[in-house]
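Some notes on the structure that comes next.
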Amino acid sequence: MARVGFTLLLGFGLTFFKKSSILSGFLSTAPGGMAEMGVLAISLHADIITVVAFQLFRLFSILLLLLPFLKKCFQ
(Lines give C-alpha, C1' and ligand atoms only; values in the text may rest on other atoms or scores of the structure.)
Protein backbone atom coordinates (compact mmCIF):
# COMPACT_ATOMS: atom_id res chain seq x y z
CA MET A 1 0.00 0.00 0.00
CA ALA A 2 2.85 2.39 0.77
CA ARG A 3 4.45 1.70 -2.61
CA VAL A 4 1.24 2.59 -4.44
CA GLY A 5 0.89 5.78 -2.40
CA PHE A 6 4.49 6.76 -3.06
CA THR A 7 4.04 6.06 -6.78
CA LEU A 8 0.89 8.17 -6.84
CA LEU A 9 2.71 10.99 -5.07
CA LEU A 10 5.60 10.83 -7.56
CA GLY A 11 3.17 10.70 -10.46
CA PHE A 12 1.31 13.71 -9.13
CA GLY A 13 4.60 15.58 -8.75
CA LEU A 14 5.53 14.66 -12.30
CA THR A 15 2.43 16.41 -13.62
CA PHE A 16 3.83 19.73 -12.39
CA PHE A 17 7.04 19.35 -14.41
CA LYS A 18 5.50 17.86 -17.54
CA LYS A 19 2.00 18.82 -18.51
CA SER A 20 0.44 15.38 -18.70
CA SER A 21 -2.36 13.54 -16.98
CA ILE A 22 -2.08 11.98 -13.54
CA LEU A 23 -2.61 8.60 -15.19
CA SER A 24 0.47 9.08 -17.38
CA GLY A 25 2.45 10.25 -14.36
CA PHE A 26 1.36 7.27 -12.29
CA LEU A 27 2.24 4.75 -15.01
CA SER A 28 5.56 6.50 -15.61
CA THR A 29 6.66 6.05 -12.02
CA ALA A 30 5.01 2.70 -11.32
CA PRO A 31 7.28 -0.25 -10.60
CA GLY A 32 7.01 -2.87 -13.27
CA GLY A 33 8.28 -3.70 -16.69
CA MET A 34 8.48 -1.22 -19.51
CA ALA A 35 6.45 -3.46 -21.83
CA GLU A 36 3.68 -3.96 -19.29
CA MET A 37 3.41 -0.26 -18.53
CA GLY A 38 3.43 0.52 -22.25
CA VAL A 39 0.59 -1.89 -22.98
CA LEU A 40 -1.34 -0.55 -20.01
CA ALA A 41 -0.79 3.04 -21.21
CA ILE A 42 -2.09 2.13 -24.67
CA SER A 43 -5.17 0.42 -23.27
CA LEU A 44 -5.94 3.32 -20.90
CA HIS A 45 -5.22 6.02 -23.53
CA ALA A 46 -2.37 7.55 -21.53
CA ASP A 47 0.65 9.28 -23.06
CA ILE A 48 2.69 6.28 -24.26
CA ILE A 49 5.80 8.36 -25.06
CA THR A 50 6.03 9.74 -21.53
CA VAL A 51 5.41 6.38 -19.88
CA VAL A 52 8.00 4.47 -21.91
CA ALA A 53 10.57 7.27 -21.67
CA PHE A 54 10.40 7.41 -17.88
CA GLN A 55 10.42 3.62 -17.57
CA LEU A 56 13.49 3.49 -19.84
CA PHE A 57 15.20 6.20 -17.78
CA ARG A 58 14.46 4.23 -14.60
CA LEU A 59 15.93 1.08 -16.11
CA PHE A 60 19.08 2.80 -17.34
CA SER A 61 19.62 4.61 -14.05
CA ILE A 62 19.43 1.33 -12.15
CA LEU A 63 21.78 -0.46 -14.54
CA LEU A 64 24.31 2.33 -14.99
CA LEU A 65 24.37 3.97 -11.57
CA LEU A 66 23.08 1.66 -8.88
CA LEU A 67 24.74 -1.62 -9.87
CA PRO A 68 28.32 -0.25 -10.00
CA PHE A 69 27.71 1.50 -6.68
CA LEU A 70 26.52 -1.73 -5.07
CA LYS A 71 29.43 -3.70 -6.52
CA LYS A 72 31.87 -1.22 -5.03
CA CYS A 73 30.13 -1.33 -1.65
CA PHE A 74 30.20 -5.13 -1.38
CA GLN A 75 33.81 -5.69 -2.49
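The values are calculated or read from the model by the stated rules, or taken from the named source; none is laboratory data. What you see is a predicted model, and the numbers here were worked out from it, not measured in a lab. Glycine gets a Cβ as well: all are built from the backbone with ideal geometry, and neighbour counts include every protein chain shown. Heavy atoms of the whole protein, side chains included, go into the accessibility calculation; ligands, DNA and RNA do not. Shrake-Rupley method; radii C 1.70, N 1.55, O 1.52, S 1.80 Å.
What the table below lists for this structure:
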{"item": "Solvent-accessible area per residue, Å², over the chain with all protein chains present [probe radius 1.4 Å]", "result": "74 Å²"}
{"item": "Within the accessible area of the chain (1.4 Å probe), percent carbon and sulfur", "result": "79 percent"}
{"item": "Pairs of alpha carbons in the chain whose separation is greater than 22 Å (percent)", "result": "28 percent"}
{"item": "Computed [θ] at 222 nm, helices only, for the chain once each DSSP H run of length n ≥ 4 contributes -39500 (n - 2.57)", "result": "-22500 deg cm²/dmol"}
{"item": "Length-normalised contact order for the chain - Cα pairs under 8 Å, 6+ apart - percent", "result": "23 percent"}
{"item": "Loop-exposed trypsin sites (Lys or Arg not before Pro) per DSSP, neighbour cap 13 Cβ within 10 angstrom, longest uninterrupted part of the chain", "result": "20-75"}
{"item": "Distance between modelled label sites at Leu40 and Phe69, nm, 7 Å Cα→Cβ extension", "result": "2.5 nm"}
